[in-house]
Amino acid sequence: MSALPLTTSQTLQALVPPAARYRSIRVTRGHVVAVMLATLVTSVLDFAYLFDKLGKPGIWRIIAFEPIVSLLIFTSALLAWLVVAAEPSERTRWSGLVAASVGSAALTAAVTMPIANAIGIDQVWQALREKATMPPEWLRFMGTTAQLSLFAFLFMAAAQNMRQRSATQRAVLSAQRAHATIAREVLEARLIAMQAQVEPQFLFDSLVDIETLYRRDAPQAAQDLDRLITYLRVALPRMREAGSTIEAEIDLVKAYLAVVTSLHAGRPELYVTLPDDCGAARFYPMLFLPLVQRAVRQPSGEPPASIKIGISRIGNQVVTVLRFDHPAGCAEDAELARVRERLAGLYGGVASLDCEEHDAMVQLTMRVPAASGPES
């Protein structure tokens with residue numbers, strides 16, 4: 001007969017020796033608190049049961065002795081549960097809980113019954129129940145064991161349930177972290193794909209314009225080609241970079257607009273306000289350039305007359321304001337949606353991109369955390 005293949009968990013359990021499993025058993029502060037709370041609850045219930053008998057002789061001996069019994073049964077039940085809970089098999093574990101509850105109850109009964117006899121607890125109970133004779137010792141032992149077994153099993157079952165709930169919560173959190181990691185990796189992959197887009201249409205149009213210009217003004221065409229090469233040298237490394245700085249991204253915008261202005265009679269003029277405390281701030285790449293490219297692409301085919309970029313640090317945020325003239329420049333499109341999606345994925349809900357129109361001017365305001373972002 002061929003052996004059935006083991007699951008991964010069974011294989012790991014087989015590799016872990018029993019001694020190693022039991023060495024991990026330890027009593028924590030939470031266990032001690034659980035024992036004390038269980039003892040307190042049962043003591044309160046015992047007191048409520050005996051409340052109408054407070055005037056009887058010897059009743060306070062019982063009230064003082066019952067918490068000792070509770071403390072012993074829950075302590076022994078805890079220790080037994082810690083041993084049983086280390087068992088890898090679920091079926092073995094629950095059958096072990098039943099055996100452990102009976103064993104801890106029998107041990108507690110064996111310890112407490114001689115003490116109860118010595119201090120006269122049994123005689124007080126006999127008087128309270130108005131019985132002439134006490135049952136045999138073995139019968140009292142079995143009755144006490146059965147009663148304490150119920151308390152022990154309830155305590156162990158509650159502990160086991162809480163442990164399973166805790167394990168389930170840890171598994172859920174682990175799955176959520178794994179999901180977040182996968183989502184982040186997908187976002188980074190999309191980021192790399194976006195970084196790799198050096199706008200083929202812009203590149204082809206620029207090459208066609210430069211080729212046409214060579215027939216009229218070869219020196220100017222050569223200068224335009226140099227600017228295009230400079231832009232590509234700045235843009236292409238972004239394909240391999242995960243982090244950048246604000247200053248580096250502004251340099252990319254300048255290189256891009258240098259090509260645009262050379263091919264469109266100096267349009268648009270670029271004005272940049274970049275304080276010293278913002279230039280070296282960490283920043284994700286390819287957040288500025290898509291917005292500038294969007295500003296350049298006008299319905300008329302002509303770029304705007306000017307593009308103004310103002311960067312400032314306000315509190316714990318870096319605020320970038322991009323202004324340009326563009327009809328219906330705040331209309332939602334795929335480019336704005338992609339930038340907003342990247343901001344949400346990279347910074348969560350603490351980054352934003354707002355668009356406003358004032359007197360035929362479009363103002364895009366981007367806010368990102370000053371201390372966030374990749375290392376440059």
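A short reminder: the numbers here are calculations on the coordinates, not readings from a lab. Here the structure is a predicted model, which is why all the values come from computation and not from measurement. Positions of Cβ are backbone-derived with ideal geometry, glycine not excepted, and every protein chain shown enters the neighbour counts.
Our coupling estimate for the stretch 280-297, obtained by passing each phi through the Karplus curve with A = 6.51, B = -1.76, C = 1.60 and θ = phi - 60°, is 8, 5, 5, 7, 7, x, 6, 9, 6, 4, x, 6, 5, 4, 5, 5, 6, 7 Hz, Gly and Pro reported as x. Under the simplified labelling scheme, the Glu332-Tyr49 pair shows an inter-label distance of 6.7 nm, with each label point 7 Å from Cα along Cα→Cβ. Amide H contacts for Leu270 (H built 1.01 Å from N in the peptide plane; partners 5 or more residues away or on another chain; cut-off under 5 Å): Ile307.
Computed from backbone phi with θ = phi - 60° and the Karplus coefficients 6.51, -1.76 and 1.60, the 3J(HN,Hα) list for the stretch 94-102 is 6, 5, x, 5, 5, 5, 5, 5, 5 Hz; x is used for glycine and proline. In plain terms, the chain from Thr230 to Ser312 could stretch by 26.8 nm, reckoned as 0.36 nm per residue minus the Cα-Cα distance. When both the stretch 54-72 and the stretch 280-358 are represented by their alpha-carbon centers, they are found 76 Å apart. The slack between Trp125 and Leu150, meaning 0.36 nm per residue of separation minus the straight C-alpha distance, is 6.9 nm.
Here each label is just a point 7 Å from Cα along the line to Cβ, and for Arg61 and Glu357 those points are 9.5 nm apart.
Per-residue counts of other Cβ atoms within 10 Å, averaged by peptide: what ranking do you get for 246-252, 358-364, 47-53, highest first? Mind showing how you got there, number by number?
Details: 246-252: 19.6, 358-364: 14.0, 47-53: 11.3.
Top of the packing list down: 246-252, 358-364, 47-53.
Label-to-label distance, Arg165 versus Met142, with points set 7 angstrom from Cα along the beta-carbon direction: 3.7 nm. Look at the alpha carbon pairs under 8 Å that are at least 6 residues apart: their mean separation over the length of the stretch 196-369 gives a relative contact order of 16 percent.
With θ taken as phi - 60° and the Karplus curve 6.51 cos²θ - 1.76 cosθ + 1.60 applied, the whole-hertz 3J(HN,Hα) list for the stretch 343-358 is 4, 5, x, 7, 10, x, x, 9, 10, 8, 9, 10, 10, 9, 10, 9 Hz, x standing for glycine and proline. Near the amide H of Ala370, within less than 5 Å, lie the amide hydrogens of Gln317, Val318, all on another chain or at least 5 residues away, with H placed in the peptide plane.
Sort the following peptides by mean Cβ neighbour count (other Cβ atoms within 10 Å, averaged over residues), highest first: 72-85, 213-226. The partial results should precede the final answer.
Values: 72-85: 21.4, 213-226: 13.7.
Highest to lowest by the protection proxy: 72-85, 213-226.
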